[in-house]
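Quick notes on the structure that follows.
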Amino acid sequence: AQSVTQLDSHVSVSEGTPVLLRCNYSSSYSPSLFWYVQHPNKGLQLLLKYTSAATLVKGINGFEAEFKKSETSFHLTKPSAHMSDAAEYFCVVSDTGNQFYFGTGTSLTVIP
Amino acid sequence: AAGVIQSPRHLIKEKRETATLKCYPIPRHDTVYWYQQGPGQDPQFLISFYEKMQSDKGSIPDRFSAQQFSDYHSELNMSSLELGDSALYFCASSPGPEGTEAFFGQGTRLTVV
């Protein structure tokens, strides 16, 4: 069985400070892992993906995530938050690819 | 670059009516997924198709049906609409069934009144 746990439903950071959005997964197979971002009233945009290549994955807009198999984690980070980063972030796991399992989302607020 | 196209973008229906949502995947993508996202909720998987065959089924009500056509576009048919069906419906496509990323459309916002 596959599942995703996003450990924080809300994260608030000041502009220019680091961002950490936490995600743990469980999967019976070697999973593919993704982070998607959803801005208000918008669709889901892929930030980055892990598909068994390098464990440190770099995505768009300065985001990156590290796959840690021993910790079953795939946390999303960014060194310096920007106001435009305020959005909902979803950690997603896929095994065979027949469906994608979403976490419950983390709402990121960036304080000026 | 071409993206996933969903139509309509917004739809208002009355209870007990029917609705048809359409999804046009990215060219050469053979896998389509449908998700339902209620207000403040995470997307819930409904159903997926690979090469025009249903590949997986999630929490799709019996009142809903879907299919993928020969040109790979997909339609989600919803009958006997209920107020609780009001949600954002996303379609996504991917170039294969093996864990490749899904590209999502902008969604269709369905409001049932």
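The values are calculated or read from the model by the stated rules, or taken from the named source; none is laboratory data. Keep in mind that what you see is a predicted model, and the values were worked out from it rather than measured. In this analysis, Cβ positions are derived from the backbone assuming ideal geometry, glycine residues included, and neighbour counts consider all displayed protein chains.
Tabulated data for the structure shown
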quantity	calculated
Unique residue being more than 24 Å from A:Phe102 (Cα to Cα) and not small (Gly, Ala, Ser) when the list is B:Glu75, B:Glu51, B:Glu101, B:Glu14	B:Glu14
Test result for B:Asp71, surrounded by fewer than 16 Cβ atoms within 10 Å (Cβ to Cβ) and away from chain A (no Cβ under 14 Å)	yes
Candidate set: segment B:89-113, residues that are surrounded by fewer than 21 Cβ atoms within 10 Å (Cβ to Cβ) and at pLDDT 90 or above; chosen: the one nearest to the other protein chains (Cβ to nearest Cβ)	B:Arg109
Residue in segment A:74-92 that is buried (at least 17 other Cβ atoms within 10 Å of the Cβ), in a loop (DSSP other than H, G, I, E, B), at pLDDT below 95 and within 11 Å of another protein chain (Cβ to nearest Cβ) present	no
Test: residue in segment A:4-27 that is in a loop (DSSP other than H, G, I, E, B), closer than 22 Å to B:Ile47 by Cα, more than 9 Å from every other protein chain (Cβ to nearest Cβ) and in contact (Cβ under 8 Å) with a residue 40 or more places away in the chain	yes
Cross-chain or 6+ apart pairs with Cβ under 7 Å, segment B:8-22 first and under 12 Å from B:Thr111 (Cα atoms), then among the acidic types (Asp, Glu) and at pLDDT 95 or above	B:Lys15/B:Glu82
So A:Thr106, is it over 22 Å from A:Ser30 (Cα atoms), among the β-branched types (Val, Ile, Thr) and within 12 Å of chain B (Cβ to nearest Cβ)	yes
Meets criteria (among the β-branched types (Val, Ile, Thr) and away from chain A (no Cβ under 14 Å)) for B:Thr20	yes
Segment A:51-73, residues that are assigned to a strand (DSSP E or B), within 14 Å of chain B (Cβ to nearest Cβ) and of a type outside the set (Val, Ile, Thr)	A:Ala65, A:Phe67
Failed item, numbered, when B:Ser80 is tested on (1) at pLDDT below 95; (2) away from every other protein chain (no Cβ under 14 Å)	(1)
